[in-house]
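One structure below.
The values are calculated or read from the model by the stated rules, or taken from the named source; none is laboratory data. Values in this document were obtained by computation on a predicted structure and should not be read as measured data. Cβ sites come from the backbone with ideal geometry, for glycine too, and all protein chains shown count toward neighbours. Side chains are part of the model used for accessible areas, which takes the heavy atoms of the whole protein and leaves out ligands, DNA and RNA. Shrake-Rupley method; radii C 1.70, N 1.55, O 1.52, S 1.80 Å.
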Amino acid sequence: MSATSSSPAARCARCAAEANVGVLCAGCAREVAPCAGLLREHVVSRPADASDAWLVDGFGVAHPVAAAGCRIGRGTDGDLALLHGSVSRDHAELARGRDGAWQARDRGSRNGTRVDGRRVDGRGALAPGALLGVGEVRLWFLDGALTLATTRRGSDSTHGTALDDQRFVLTRDGSELCVLVGGAGGGAVLHRAASATAWVEVNLSPLELQLLRTLCRQAATVAVTGRDEVGARSRACVATKQLARVLPFQSEYADEENVRQVVRRLRTALAAAGLRDVVEGVQGRGYFVGWDLTAD
């Protein structure tokens, strides 16, 4: 059976082989396989009414690229957000010139932008079918229109989507803090203020992220009921000695003072985003999550 006679949804958007990983075949998906710590929900694109090209990630999801330009980075104010530590906040930009040819521009990123394995120095040509590397994240660049039957468009929000592992949502006074948990220590923390629709990433170190997810997992085991909500939450307190054992310190001799230092840094990072009392403590015992929590 020819590719033209098959349903577009069953054909790889890049090579027209049978699609079995989103819009990609297994071979094309393998070449852009997600790097360590990257979850499907970490690749977030803005919706577009019309697309002149597409970027397809290793999960087989197609993200629209407009000819006017596509900004890519770890920041959530661009057109394509890649929530991974190897990606700079304002990492790269794609644009179509007057001659119709596409270009990739590196915007002074820390880990560089690559086209087909070659590092872009300033600007570089981006041919249809090229392999685009943004830090450690790889994507296929596909020029031209793809039918919606063929594409699976990326969501403009990480909220309300399924996770490969787990997600915790902390709420207080209408504000939301979403802790995405992935394998191999991966994950991300996103914040959405009351009445806001856009998520903003909260930058945390691996130790800070692991501390927050550990407290969230413990809090998920305790039902908060009754008038003494703080007392109920404190029952999910994780002992400081236990945190010293489970947090990924580089030294095997980490102690309770090391844990207290991480707690201080985590509180400072959250406070800088306007998020206070997320992590509370019981003197001489340990720490717990101070906000309301739901897990899925």
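For the reader, a short list of remarks on this structure follows.
- Listed here are the strands (runs of 3 or more DSSP E) enclosed by the range 72-132 that have at least 2 residues being open to solvent by less than 40 Å² (accessible area, probe 1.4 Å), without any contact (Cβ under 8 Å) to a residue 24 or more places away in the chain and at positive phi, and there are none.
- Members of the range 211-243 found to be modelled with pLDDT of 90 or more, open to solvent by 20 Å² or more (accessible area, probe 1.4 Å) and among the polar types (S, T, N, Q), listed by number: THR214, GLN218, GLN242
- Among residues of the range 29-47 that are open to solvent by less than 80 Å² (accessible area, probe 1.4 Å), those with a beta-carbon under 7 Å from a residue that is among the aromatic types (Phe, Trp, Tyr) and not in a loop (DSSP other than H, G, I, E, B) at least six positions away or on a different chain give the pairs VAL32/TRP140.
- Any chance VAL44 is assigned to a loop (DSSP other than H, G, I, E, B), of a type outside the set (Ser, Thr, Tyr) and closer than 22 Å to GLY22 by Cβ: no
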